[in-house]
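*Asks:* First, the structure itself, so that you have it in front of you.
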Amino acid sequence: MGRIREGEVLSASIDIAAPAAAVYALVSDVTRIPEWSPETVRVRRLGPAGFRSWNRRRLGVWRTDATIVESIPSERFSFVVQAMGGDWTQWTYRLQPSGDSTRLTEEFRMCVALPASVLVFEWLFLLVRDRRADLRRNLETSVARIGAIIESGAARR
């Protein structure tokens, strides 16, 4: 069973033929997350350090609020999603420049032990039996989409 544990970290990386500043400009624009996320369908800013996202996956629909906790241009961008009264997950984009390209790593960290109600939601509405494997696929999809957006020139909006 792929139950995510508190403190567990999953990640995926890709090399993108673009400078770190271009990659950072895209991943730090939270309103564009729906362009690469397999679950997020809409994002609205809630001030300079916060945003709300609307998510959908198979039969499941949910909304979350997040706070940007780290923003270092061309290096790292990170936000924490709050749910059920506390920090739930942390998402971090790490950038490592190398010549004319940038290695992008998207990292997911589980901040809490999952309550049984969330596991039931994942089973019944997301139709996910192994959340760890599912998240790994989502991370790989996400970084691949970010790379495609940037390399196609669509990052400039």
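The values are calculated or read from the model by the stated rules, or taken from the named source; none is laboratory data. In this text the structure is predicted, and so the values were computed from the model without any measurement. Positions of Cβ are generated from backbone atoms using ideal geometry, with glycine treated the same way; all protein chains shown enter the neighbour counts. The accessibility values were calculated without ligands, DNA or RNA, using every heavy atom of the protein model including side chains. Shrake-Rupley method; radii C 1.70, N 1.55, O 1.52, S 1.80 Å.
*Asks:* How large a share of the accessible area of the chain, in percent, is made up of carbon and sulfur atoms when the probe is 1.4 Å and the other protein chains stay in place?
*Replies:* Numbers: 4150 of 8010 Å².
C and S fraction of accessible area: 52 percent.
*Asks:* Give the angle, between 0 and 90 degrees and rounded to the nearest 10, that separates the Cα long axis of helix 131-151 from the longest principal axis of the Cα atoms of the chain.
*Replies:* So the inclination is approximately 20 degrees.
*Asks:* From Cα coordinates alone, what are the radius of gyration and Dmax values for the chain in angstrom?
*Replies:* 15.3, 47
*Asks:* Check Gly50: other-chain or 5+ apart residues with amide H under 5 Å from its amide H, H built from backbone geometry?
*Replies:* Ile68
*Asks:* Okay, moving on. Over the chain, with a Gaussian network built from C-alpha contacts below 10 Å, which listed residue (Val80, Val143, Val41) shows the highest mean-square fluctuation?
*Replies:* Val41
*Asks:* Skipping prolines and chain starts, which residues have an amide H placed within reach, meaning under 5 Å, of the one on Val112, given they are 5 or more residues away or on another chain?
*Replies:* Under 5 Å from the amide H of Val112 lie the amide H atoms of Gly7, each far enough along the sequence or on another chain.
*Asks:* With contacts defined as alpha carbon pairs under 8 Å and 6 or more residues apart, what's the relative contact order of the stretch 86-146 in percent?
*Replies:* Numbers: 49 pairs, mean separation 16.6, N = 61.
Relative contact order, the stretch 86-146: 27 percent.
*Asks:* Over the chain, what is the mean sequence separation of C-alpha contacts under 8 Å (at least six apart), divided by residue count, expressed as relative contact order in percent?
*Replies:* On the way: 320 pairs, mean separation 51.0, N = 157.
It comes to 32 percent, rounded to a whole number.
*Asks:* Using θ = phi - 60° and the Karplus form 6.51 cos²θ - 1.76 cosθ + 1.60, what ³J(HN,Hα) does each residue of the stretch 58-67 get, whole Hz, x for Gly and Pro?
*Replies:* Using θ = phi - 60°, the values come out as 6, 8, x, 9, 7, 10, 9, 10, 9, 10 Hz.
*Asks:* Return one whole number: the accessible area per residue of the chain in Å², for a 1.4 Å probe.
*Replies:* Numbers: 8010 Å² over 157 residues.
So the chain comes to 51 Å² accessible per residue, rounded to a whole number.
*Asks:* So what's the net charge close to Asp65: Lys and Arg +1, Asp and Glu -1, counting the other residues with Cβ under 14 Å from its Cβ?
*Replies:* Values: positive: Arg42, Arg44, Arg45, Arg52, Arg63; negative: Asp87.
Net charge around Asp65: +4.
*Asks:* Find which of Val80, Ser11, Ala21 sits farthest along the positive direction of the dipole of the stretch 10-157, computed with +1 on the beta-carbon of Lys and Arg, -1 on that of Asp and Glu, about the Cα centre.
*Replies:* Val80
*Asks:* With springs connecting C-alpha atoms under 10 Å apart, model the chain as a Gaussian network and identify which of Arg44, Arg58, Arg137 has the largest mean-square fluctuation.
*Replies:* In this elastic network of the chain, the residue with the biggest mean-square fluctuation among Arg44, Arg58, Arg137 is Arg58.
*Asks:* Around Arg103, which amide H atoms from residues at least 5 apart in sequence, or from another chain, sit under 5 Å from its own amide H, with H modelled in the peptide plane?
*Replies:* Close amide H contacts, sequence-distant or interchain: Ile16, Gln96, Ser98.
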